[in-house]
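We did not get these values from a lab; they are worked out from the coordinates using the rules stated. In this text, all values refer to a predicted model and were calculated from it rather than measured experimentally. Counting neighbours? That spans all protein chains shown, and the Cβs are built from the backbone with ideal geometry, glycine included.
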Amino acid sequence: MMSKKLQESDSETELHEAFRVFDKNGDGFISPGELRQVMTNLGEKLSDEEVEDMIKEADLDGDGLVNYKGV
């Protein structure tokens with residue numbers, strides 16, 4: 001049981017660290033521009049539509065940003 005809690009905690013920490021890579025200005029949100037910048041740095045050239053679709057899929061409150069502070 002304790003092992004499972006530690007694994008969940010480690011997973012949450014890893015998730016937050018991954019999101020911080022995308023959140024270039026540190027405001028707790030991933031904007032389309034930040035997503036595009038990271039993906040471009042990774043060698044992925046995305047169209048505006050692809051970026052928009054990726055944001056929409058993860059945008060839980062419909063503000064056009066991905067909020068990860070509540071994750």
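In terms of the mean number of neighbouring beta-carbon atoms within 10 Å, the peptides 56-62, 41-47 order highest first as 56-62, 41-47. Estimated at 0.36 nm per residue, the fully extended path between Leu46 and Ala18 surpasses their Cα-Cα distance by 8.1 nm.
Each of Arg20, Arg36 has some number of other Cβ atoms within 10 Å of its Cβ, and from fewest to most they run Arg20, Arg36.
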